[in-house]
Amino acid sequence: MRPLFHSAIQAMQLSRGGVATGLIHVPYRYMHSPVEMVSLKDAEHCAQLLAEWICTLRSGMSFIP
């Protein structure tokens with residue numbers, strides 16, 4: 001199955017023995033242009049989501065499926 005979008009994370013995850021990876025995608029417009037835009041509220045919510053997830057991590061957790 002072909003992924004919906006491509007990122008460098010996929011290459012890291014699939015190379016050699018693989019690496020546990022994760023991705024939070026912030027919605028944006030006009031990528032790679034001088035007027036690339038992102039909602040500050042979306043960026044703040046993504047940062048909050050990541051911070052809350054980090055707080056759930058415990059020593060010895062494994063991310064290998």
Task: Top-ranked residue in segment 17-35 [being among the small types (Gly, Ala, Ser) and more than 20 Å from Leu57 (Cα to Cα); ranked as surrounded by the fewest Cβ atoms within 10 Å (Cβ to Cβ)] - done: Gly17
TODO: State whether the residues of segment 36-47 include one that is among the aliphatic types (A, V, I, L, M), surrounded by 10 or more Cβ atoms within 10 Å (Cβ to Cβ) and touching a Ser or Thr at 6+ places or on another chain (Cβ under 6 Å).
DONE: no
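None of the figures in this text is laboratory data; all of them are computed from the coordinates on show. Bear in mind the structure is a predicted one, so any value in this text is a computation, not a measurement. With ideal geometry, Cβ positions are generated from the backbone for all residues, glycine too; neighbour counts draw on all protein chains shown.
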